[in-house]
Amino acid sequence: MIGDKLHIVVCIKQTSSSTNAQFDAKKATVQAAGAQAAINPFDEYAIEEGVRIRERLNSKATVHALSLGPAEAESSLREAIAKGCDGATLLSDPQFEGSDTAATAYLLQKGIEKLGKLKGPVDLVLCGKQTNDSDAGVVGTQVAAWWDVPSAASVRKVVEIAPGNPGKVVVGRMMEDGTDTLEMSLPAVLSIVKEINEPRIASLKGKMASRKAEIAVWRLSDLEAEVEKIGAAGSALRMGETYPPPKRSGGEVIEGKSPQEKAKKLLQKLKETKLL
Amino acid sequence: MPSDIWCVAEQRRGTFLPTIQELLSIGKKLARELQEKLTVITIGSGVESAAREFGKYGAERVLVVDHPALAHYTDEGHARALAEVVRKEDPRALLFPCSANGRSWAGRCAVLLEAGLGTDVTELTIDPQSKTLKMVRPCCGASLLMPLSCRTRFPQMAAVRPGAFPRAEIQAGKTPEVRKIDLDPSRWKLRTQFKGFEEDHSQVKDIAQAEIIVSGGYGVGGADGFSLLEELAKLLGGAVGASRRAVDLGWIPYRHQVGLTGRTIKPRLYIACGISGQIQHLAGMSQSDVIVAINKDSQAPLMKLCNYAVEGDLFELLPALIEEIKKSKG
Ligand SMILES: Cc1cc2nc3c(=O)[nH]c(=O)nc-3n(C[C@H](O)[C@H](O)[C@H](O)COP(=O)(O)OP(=O)(O)OC[C@H]3O[C@@H](n4cnc5c(N)ncnc54)[C@H](O)[C@@H]3O)c2cc1C
């Protein structure tokens, strides 16, 4: 809490919006000339949910955006402020490069810890479901693991949020067969799916705030983090050079004079390949 | 010395998800190469007798953690339970299903065990020298493949994309060693409580488990059009998928959405009806074994990428196809 305000942190990642971009395994990010950098689309839902929780609590909450990445990621943090976040911090250091998801989660958690010390303990962390480049989809869970707090992934609804001592959050978790309801004590980490909300576009007021905002950049030396746990050397997962997938065989056009004839031929093909 | 391949069996309300059969088929191959044991581990409440069944899919050993506090999956509880067993038993590799919960479970365990974790893995082999996992996963919306490996430290962990491997077949006459492991989660002060479950009442199968998916896009024209797709899907024992455009228009719920911001699936057969095949859609389905595209426009991207392209109006082709299938079934 920061005074009587719930302290919410939203973790975002800047990714390339071009899907044809080359994946840079060393930096664990997509790099391409001309590829437009933007907030990971999944994280937009996390930002929006943070803002909605603040609205729900009649502004008795503050929403802070946190990102790990190169200096350029600052622009995405400004965008997060334009979309309603109250402030933002960037974790950036050449030594962070090559971190796998567990190491990235470790650094984010160290950032959260520092935010807590500076402003007041963090109560709730929101993450997007996954990133659109390296798609690991586990950063939220792993932040919670390093922090040793409860977490839930695939969150489609925040049913209830109650600050207090300890506060609690009740969420709906989207499963393959329906929805689970879980209650967790705060602090907690939620990974959010797209269905949860419809992100708004930046307001004029937000845009002005984003231009004026001061975004702190924290280096490794600013965090109480062990260098052995980060970067390529500190990561347990090694990423190799990417390559294009083999071309799909077939590409066969099903010809026929009538829909019936085409349907018959298609069915025959599917039977030949033992699919039906 | 670390040894053995472990497959994590995910259960929902006492029923095992079929992904365990897929893990057992690839797990067995790896275990054979290593000449090590194939083990199933499961965590739940009242699951012991059902877990014995894994012998018939090739498991040589079944480890069961059975406790009422672990009846329902939570990140905290299940990760801690699994990590405790792993620390005691020292397996070489852990294979998880990369389902909604499996992904999260694997992620949390990887931190607790300081282990390397590959997610969304679609290829899996053993490096003969180091006896470590060699993994491949699609990335960048499936436009690229990325090899992954773990630092030589054990366990090595892979979360395997559902459908990436065939299901293990039933084999006769194998009785696995079943061992119950005692843990006491009531002492862990877990902070997550399971409050309930609400079933999704749509009659159609979930896409994650379907071997055949009939998927619709903007060309389907509305919620009514999807009932045609549903009819075909039911006839084929499959499920219904959708493009984001169809979902955003409210024609079908989000859980059916395939693609970058939807779900990733790898069925044996994907029949795309009135879907153009934008890169974000391809991200969710391009790993399907066989793709059929039905589209009015022969120049649509998916018509070029699929195995079988059928040009035409889906409102004519689908009824004809349904008719033909009914005929052939007699
Ligand atoms: C960040 C981001 C994330 C996204 N995530 C996803 C995602 O997860 N999944 C996804 O699907 N999309 C996603 N999209 C959207 C994607 O870019 C496309 O807009 C979308 O996939 C198009 O859907 P569609 O193919 O149904 O529609 P269209 O592109 O409009 O295609 C409709 C097709 O139907 C054909 N058609 C029309 N009528 C008929 C008929 N009667 N019979 C036969 N064919 C007919 C047309 O010829 C056309 O090819 C995302 C976009 C962005 C920017």
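Residues in the range B:105-136 that are out of contact with any Cys (no Cβ under 9 Å at 6 or more places or on another chain), of a type outside the set (Val, Ile, Thr) and facing chain A (nearest Cβ under 10 Å): B:Trp105, B:Gly107, B:Arg108, B:Cys109, B:Ala110, B:Leu112, B:Leu113, B:Glu114, B:Lys134.
The sole residue among B:Asp224, B:Asp200 that is within 13 Å of chain A (Cβ to nearest Cβ) and either in contact with a His (Cβ under 9 Å, 6 or more places away or on another chain) or over 27 Å from B:Lys56 (Cβ atoms) (or both) is B:Asp200.
Of the residues making up the range B:302-328, those that are farther than 17 Å from A:Glu255 by Cα and out of contact with any helix residue (DSSP H, G or I) (no Cβ under 8 Å at 6 or more places or on another chain) number 1. The single condition from (1) assigned by TED's automatic domain parsing to the domain that holds B:Ala320; (2) on the phi < 0 side of the Ramachandran plot; (3) without any contact (Cβ under 8 Å) to a residue 60 or more places away in the chain that B:Asp200 fails is (1). Might you let me know whether the range A:245-253 holds any residue that is at the interface with chain B (Cβ under 9 Å from one of its Cβ atoms), in contact (Cβ under 8 Å) with a residue 12 or more places away in the chain and over 24 Å from B:Asp313 (Cβ atoms)? Within the range A:245-253, none of the residues are at the interface with chain B (Cβ under 9 Å from one of its Cβ atoms), in contact (Cβ under 8 Å) with a residue 12 or more places away in the chain and over 24 Å from B:Asp313 (Cβ atoms).
Scanning the range B:287-303 for residues that are under 22 Å from B:Gly262 (Cβ atoms) and either within 12 Å of the ligand (Cβ to nearest atom) or of a type in the set (Asp, Glu) (or both) returns B:Asp289, B:Ala293, B:Ile294, B:Asn295, B:Ala300, B:Pro301, B:Leu302, B:Met303.
For the structure I just gave you, tell me whether B:Ile275 is among the aliphatic types (A, V, I, L, M) and touching a residue at least 24 places away in the same chain (Cβ under 8 Å). Yes; evaluated as a whole, the condition is true for this residue.
Taking the criterion of being more than 7 Å from every other protein chain (Cβ to nearest Cβ) and not in a strand (DSSP E or B), the residues of the range A:172-204 that qualify are A:Leu186, A:Pro187, A:Val193, A:Ile196, A:Asn197, A:Glu198, A:Pro199, A:Arg200, A:Ile201, A:Ala202, A:Ser203, A:Leu204. For the range B:275-286, a residue qualifies if it is more than 8 Å from chain A (Cβ to nearest Cβ) and near the ligand (Cβ under 8 Å from one of its atoms), and the qualifying residues are B:Ile275, B:Ser276, B:Gly277, B:Gln278, B:His281, B:Gly284. Scanning the range A:216-238 for any residue that is within 30 Å of B:Lys304 (Cα to Cα) and open to solvent by 20 Å² or more (accessible area, probe 1.4 Å) turns up nothing.
Picking from residues in the range B:312-322 that are more than 7 Å from every other protein chain (Cβ to nearest Cβ) and not aliphatic (A, V, I, L, M), the one that is farthest from the ligand (Cβ to nearest atom) is B:Pro319.
Matching residues to (1) under 16 Å from the mean Cα position of the chain (by Cα); (2) among the hydroxyl-bearing types (Ser, Thr, Tyr); (3) open to solvent by 10 Å² or more (accessible area, probe 1.4 Å):
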{"residue": "B:Ser45", "(1), (2), (3)": "no, yes, yes"}
{"residue": "B:Ala51", "(1), (2), (3)": "no, no, no"}
{"residue": "B:Arg61", "(1), (2), (3)": "no, no, yes"}
{"residue": "B:Tyr73", "(1), (2), (3)": "no, yes, yes"}
{"residue": "B:Ala83", "(1), (2), (3)": "no, no, no"}
{"residue": "B:Glu114", "(1), (2), (3)": "no, no, yes"}
{"residue": "B:Pro128", "(1), (2), (3)": "no, no, yes"}
{"residue": "B:Leu133", "(1), (2), (3)": "no, no, no"}
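Open to solvent by less than 30 Å² (accessible area, probe 1.4 Å), out of contact with any Pro (no Cβ under 7 Å at 6 or more places or on another chain), modelled with pLDDT of 95 or more and more than 7 Å from chain B (Cβ to nearest Cβ): is that true of A:Val149 in this structure?
In short, no.
The condition (being under 20 Å from B:Glu22 (Cα atoms) and open to solvent by 10 Å² or more (accessible area, probe 1.4 Å)) is satisfied by just one residue among B:Ala106, B:Ala100: B:Ala100.
Screening the range B:262-274 for residues that are open to solvent by less than 10 Å² (accessible area, probe 1.4 Å) and not small (Gly, Ala, Ser) and picking the one that is farthest from the ligand (Cβ to nearest atom) gives B:Leu269. Scanning the range B:252-261 for residues that are more than 10 Å from the ligand (Cβ to nearest atom) and crowded, with 22+ Cβ neighbours inside 10 Å returns B:Ile252, B:Arg255, B:His256. If I filter the range B:236-251 down to residues being open to solvent by 20 Å² or more (accessible area, probe 1.4 Å) and touching a Leu at 6+ places or on another chain (Cβ under 9 Å), which single residue comes out as nearest to the ligand (Cβ to nearest atom)? Among residues in the range B:236-251 that are open to solvent by 20 Å² or more (accessible area, probe 1.4 Å) and touching a Leu at 6+ places or on another chain (Cβ under 9 Å), the one nearest to the ligand (Cβ to nearest atom) is B:Arg244. All conditions but one from (1) open to solvent by less than 20 Å² (accessible area, probe 1.4 Å); (2) at pLDDT 95 or above; (3) away from the ligand (no atom under 16 Å from the Cβ); (4) away from every other protein chain (no Cβ under 14 Å) apply to B:Thr192; the one that does not is (4). Among the numbered conditions (1) at pLDDT below 95; (2) in contact with a helix residue (DSSP H, G or I) (Cβ under 6 Å, 6 or more places away or on another chain), tell me where A:Lys26 comes up short. All conditions are met except number (2). Condition check for B:Leu232 on (1) touching a strand residue (DSSP E or B) at 6+ places or on another chain (Cβ under 8 Å); (2) open to solvent by 10 Å² or more (accessible area, probe 1.4 Å): one failure, at (2).
The values are calculated or read from the model by the stated rules, or taken from the named source; none is laboratory data. In this text the structure is predicted, and so the values were computed from the model without any measurement. Cβ coordinates were reconstructed from backbone atoms using ideal geometry, including for glycine residues, and neighbour counts include every protein chain displayed. Accessible surface is based on the protein model in full, side chains and every heavy atom, while ligands, DNA and RNA are left aside. Shrake-Rupley method; radii C 1.70, N 1.55, O 1.52, S 1.80 Å.
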